[in-house]
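Written out below as structure tokens is the structure these notes cover.
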Amino acid sequence: MKHESSWGMRELSELECPQCGGVVKIPPYSSTIVCPYCNTTIQTKTGTIFKEHYMMGLQYNKQDAKAKMFEWALKQLGAPEDLTQAEIAKSELTYWPFWVVEIEANATYRGSQKKPKFQNKEAIPIDKVTWEYEFEGGTVESTDDFIVPANRDIPQFLANYNIPIRRKDFFDHEKIADQEGMIKDIQVDQEEALEIARSEMLEILRQEAELEVESMILMDDQKINAIFLVEIPILHFEYSYGTSRYDGFVDGASGRIINLDFPRKVSFRAMTKLAGQVHVGVGVGIILLLTYLGFTLFDGIFPTYFGIGLGLEMFLFGYLFLRFSRSLGTGNEGQK
Amino acid sequence: MIKSNAEIAQFRCEKCNAPYPLGADDVIATCPYCGYTFEIGSEEVEHYIISNKFDKHSIIPFFKEWLKSVTPKTVGHGMIKHIDNIAPTLEWIPIFRITGSYTSQYSGYQRIDGGSNLLPINESSAGEMTEWILARRHAATYGINRFMGSLSNEEISQFKIDNTQDSPVLNSEISPHEAFLRFQKISKNQHRKAIDAEVLDHHFKIKPESIDYVHVPYWLVRYSYQKGAFRAAISGATGEVLFGELPVTKRYRFKKWLFVFAIMILNAVIIQLAPYVATYFGGEDGAEGATALLGVAMFITIGLTFLMKNTFLYEIEVDKEGNETREFLGDERVE
């Protein structure tokens, strides 16, 4: 089925594969697509072939990844010991695309720095020091890999994840189909990824140069050593424990746990909650009792003020306890 | 659903032909069967080891000794009786030991005589520096930074797989070249940090003299207390406990609570004083005094909320001397 809505749209939503001539549909906002007939990666803007498209091999199957996930969860704060008995309700394999840009940068900087003016090698009193701005320049260099998510709907924890990039294979959509994996649209194009990586590099160099000068201009000389697209297999588990459901994300290539929600031990939670209620109750009790005593037995001032002060603080303590016990409902841990 | 028979890539050792899995980010791999170590897609790599002096049984006294020395200061030594399931595991961590010769030139100033005078500093130095660079992309192992910091001039010897006691040998995820780039940055920063002055200009050059690829023994001791799991990291080279978690006991929590409660009483007394101050001094002076007292009470209350949070901890983290730290327990884990 072709897009018939307008003449312009028709051109945008399909293209002819430069490798095999097959007609390939373009999902909206996609910058790069893979021909379903011949596995060729094509840049939609130019219609040219893009060779540097890789995937990380799936090294952990569902059972391995699940075992790793629960082993990891058990090390977290207040996780119950019988968590390994939890039942997997759903598991999904999704390949998320990332751009990897390796930049080798040599930058020169010029700037100024405020320096104390010394006459000779002797110490001078601090209030007699004159400070002068001195212009200076130098070079800084750095080589780094930058990772830019290629799909814009990526969850934040996945966007921050330091993906594995070393032992990659060429992208093969049949392999993914065999594993019953899903893929995500590649939306960010090469130029945009490069732009993002460049600005991150600039920030690194700027920080380094700022050790030397205060305000500065940076002139870039950046060499792009490599830029490629890599698809990372991410296993998403949904498991149930008690009456609630929790999510876990595991990197199927390295076995790392990326993000995990887990239940907290009920006893610890219950104890915190009870402590909170007791504090709130005692706080309110102190206020009422001492105010009453103050007005009936004394002059209305003592011990009313003392009671209100102590009672409010008890109340605050109780409130913090309750808030903490609520936050214990679901734990969340991820790669930092 | 993912098929359980999904194809898992296996690699075979060039030397002994044994199959073993390579990690997703491995750059230098070691065969777990014969110990053959090579850069992936390239040649064999010279390889060293720092010997491990302990086994699963002999490491435990070091752990217990540490517990005995740090618990009285914190959670109380009574908890030691209730510890069970002490399970030590050994892992070999890949590290590059890099030595380089540097030249350094720096200028700046120093505050002397209690900060009233500035002394100009202009010096140059040269020498040798050795740094241990972790050969992994993620520093995920518990307490690894402390472990790296504990390494000094440990003796290294040729790597032999028989000396690893059948424990996992982690592969390097960075190349020697990348290790050197890290070394350059780290050594410059270390040198700059060590200078006892406000540095304005720093010129630092370092040339590598030797790069050794070394595996170091790292013990992780897991133990449980009232069904909760806790950890401690121990160096296999020295038996020194680098870092560990302690469960928060009732005694510890009560101590913290009592402290908070005492301050709350004190604070309430201050609040109670306010009306008396107002009437005793009378007029404007009295009002000012009362307001000041209430201000102090407010200030203490804000401070109290932080102290109160201390009573909610589930575990605390202490170093080898028993000082509490917050390196791994982020606030988000506490709250």
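The values are calculated or read from the model by the stated rules, or taken from the named source; none is laboratory data. From a predicted model like this one, the values you see are computed outputs, not experimental measurements. Heads up, the Cβs are rebuilt from the backbone with ideal geometry, glycines too, and the neighbour counts pull from every protein chain shown. We work out accessible area using only protein heavy atoms, side chains counted, and drop any ligands, DNA or RNA first. Shrake-Rupley method; radii C 1.70, N 1.55, O 1.52, S 1.80 Å.
Take B:Ala87 and tell me if it is within 14 Å of another protein chain (Cβ to nearest Cβ), touching a Lys or Arg at 6+ places or on another chain (Cβ under 7 Å) and within 30 Å of B:Gly228 (Cα to Cα). Against the criterion (within 14 Å of another protein chain (Cβ to nearest Cβ), touching a Lys or Arg at 6+ places or on another chain (Cβ under 7 Å) and within 30 Å of B:Gly228 (Cα to Cα)), B:Ala87 qualifies.
Taking the criterion of being away from every other protein chain (no Cβ under 14 Å) and surrounded by fewer than 20 Cβ atoms within 10 Å (Cβ to Cβ), the residues of segment A:51-67 that qualify are A:Lys51, A:Glu52. Within segment A:104-124, the set of residues being more than 13 Å from every other protein chain (Cβ to nearest Cβ) and among the β-branched types (Val, Ile, Thr) comprises A:Thr108 only. When segment B:106-133 is filtered for residues that are within 14 Å of chain A (Cβ to nearest Cβ), touching a helix residue (DSSP H, G or I) at 6+ places or on another chain (Cβ under 9 Å) and modelled with pLDDT of 90 or more, only B:Tyr106 remains. B:Ile271 satisfies every condition listed in (1) touching a Gly at 6+ places or on another chain (Cβ under 8 Å); (2) buried (at least 20 other Cβ atoms within 10 Å of the Cβ); (3) in a strand (DSSP E or B) except (3).
For the structure I just gave you, tell me whether B:Tyr48 is open to solvent by less than 20 Å² (accessible area, probe 1.4 Å), hydroxyl-bearing (Ser, Thr, Tyr) and in contact (Cβ under 8 Å) with a residue 12 or more places away in the chain. For B:Tyr48, the condition - open to solvent by less than 20 Å² (accessible area, probe 1.4 Å), hydroxyl-bearing (Ser, Thr, Tyr) and in contact (Cβ under 8 Å) with a residue 12 or more places away in the chain - is not met. When we screen A:Gly78, A:Gly111 for residues that are open to solvent by less than 10 Å² (accessible area, probe 1.4 Å), more than 24 Å from the chain's Cα centre (by Cα) and at pLDDT below 90, the only hit is A:Gly111. On the stretch given as segment A:45-56, residues that are free of Cβ contacts under 8 Å to residues at least 40 places away in the same chain, in contact with a strand residue (DSSP E or B) (Cβ under 8 Å, 6 or more places away or on another chain) and not in a strand (DSSP E or B) total 2.
The single condition among (1) open to solvent by 30 Å² or more (accessible area, probe 1.4 Å); (2) under 30 Å from A:Leu58 (Cβ atoms); (3) not in a helix (DSSP H, G or I) that A:Glu231 does not meet is (1). None of B:Asp113, B:Asp84 is free of Cβ contacts under 8 Å to residues at least 12 places away in the same chain, open to solvent by 30 Å² or more (accessible area, probe 1.4 Å) and acidic (Asp, Glu) except B:Asp113. Just to be sure, is A:Tyr95 open to solvent by 10 Å² or more (accessible area, probe 1.4 Å) and either within 13 Å of chain B (Cβ to nearest Cβ) or touching a Gly at 6+ places or on another chain (Cβ under 9 Å) (or both)? In short, no. Would you be able to say whether some residue in segment A:202-214 is facing another protein chain (nearest Cβ under 10 Å) and closer than 25 Å to B:Lys250 by Cα? The answer is no; no qualifying residue exists. Segment B:197-262 holds strands (runs of 3 or more DSSP E) entirely within its bounds, and those carrying 3 or more residues that are facing another protein chain (nearest Cβ under 9 Å) map to B:198-225, B:228-235. Does A:Ile103 satisfy the criteria of being of a type in the set (Val, Ile, Thr), modelled with pLDDT of 90 or more and open to solvent by less than 10 Å² (accessible area, probe 1.4 Å)? The answer is yes for A:Ile103. Checking each residue in segment B:21-70 for being among the polar types (S, T, N, Q) and assigned to a loop (DSSP other than H, G, I, E, B) picks out B:Ser42, B:Ser51, B:Asn52, B:Ser58.
Within segment B:274-305, the only residue that satisfies the criterion of being within 24 Å of A:Asp299 (Cβ to Cβ), surrounded by fewer than 15 Cβ atoms within 10 Å (Cβ to Cβ) and within 11 Å of another protein chain (Cβ to nearest Cβ) is B:Thr279.
Tell me which residues, restricted to segment B:87-110, are closer than 29 Å to A:Lys121 by Cα, open to solvent by less than 30 Å² (accessible area, probe 1.4 Å) and not small (Gly, Ala, Ser). Of everything in segment B:87-110, just one residue is closer than 29 Å to A:Lys121 by Cα, open to solvent by less than 30 Å² (accessible area, probe 1.4 Å) and not small (Gly, Ala, Ser), namely B:Tyr109.
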